[in-house]
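Enquirer: Have a look at the structure that comes next, please.
What follows draws every value from the coordinates through simple rules; no lab data is involved. Nothing here was measured: the structure is a model prediction, and the numbers come from that model.
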Amino acid sequence: MAQNQNIDVAVKSIASEQTIITVEPGETLNNLYIFPDNTMLVATFYINNQQDIPSGSTGNIIINLTDSKSGHNSQITLNSYIYGRYLENYPISSISITNNYTVEIEIYFQYTLKEYSQFANPVIQDLTELLIIPTVLVNSLTGGTNFRYYGSLSNTNWSNMINGASFYVLDQQVYGTSSTSAGYVQVPYTANYTENINVSALGASEDANIYYFTVDSTTTQLPTSATQSNASMNWLKMDFYSPLYIKYTTQTYNIIYNATNNDFEVASNTSLPIQNVALYMQNVVAPFSNYKVV
């Protein structure tokens, strides 16, 4: 059972967290999260074990959001058709969750807190997409197999991105390299969008907004480097989707007849290795996907 949490952060600097919330059948978790004043929420709610929902179930997950400015409650629901929701710029006071299913539900909850702005407009988007890849039906946060990258821009190996792949840029940080002048870093994620992050002299600047991109041969120019002045990109974090390709390899050996044993045998009694490797981004080996039988 999840425990109530008071979130105590300095909202002038962005805080980002992710967790799994377990809700028992019929259970309501009142005021599960309580946030500080003058806070806006950017969040992803997603049913993590949707395969456990009984077929044809009419139940749902109800997430109650209390508006910190008006005090009104807003409800968003997750069900067997809409597994995920993305919420942006909601002035948040507290979150409560009710499980109307007959089974235990695990909810993936990722959130970022921002300082309240009266000019920001709340946004809610569905995240579920059903994608058929040959004979495999895949349901996930971005509609496919997800992988996370955390590191420098120069090590992202953009040349392996294939058409149709999609990715979320979740977090970026740059630092100033000059002791006297402000600087900036510009990253051309697409032909029509360049991310610009300004930074003070010898300071650091972070953008934890979530940006979504799809690789397209005519509109997307994935960056090989950033344009920078008196600054450098320290790191970025992104989740990306790519179809998995199964690479199957084996080895052949001569089969010989053994007159002494009156049977057929592999030459030199050598084992036959059979190997399956799951690849994404065309040629990158997926973690824990290399299986070998001898």
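Enquirer: Residue 274's amide H: which non-local residues (gap 5+, or another chain) put their own amide H closer than 5 Å, with H modeled 1.01 Å from N in plane and none for Pro or chain starts?
Expert: 293, 294
Enquirer: For residue 264 and residue 152 in one chain, what is 0.36 nm times their gap in residues minus the Cα-Cα distance, to one decimal in nm? Each step should come with its number before you reach the end.
Expert: Values: separation 112, 0.36 × 112 = 40.32 nm, distance 5.55 nm.
Roughly 34.8 nm would be gained on extension.
Enquirer: Work out the P(r) tail for the range 5-128: percent of alpha carbon pairs separated by more than 17 Å, whole number.
Expert: Values: 4115 of 7626 pairs.
The proportion of pairs with Cα distances above 17 Å equals 54 percent.
Enquirer: Still on this structure: Along the range 198-209, what does the Karplus equation 6.51 cos²θ - 1.76 cosθ + 1.60 (θ = phi - 60°) give for ³J(HN,Hα), rounded to whole Hz, x for Gly and Pro?
Expert: 8, 8, 7, 4, 6, x, 9, 9, 10, 10, 9, 5
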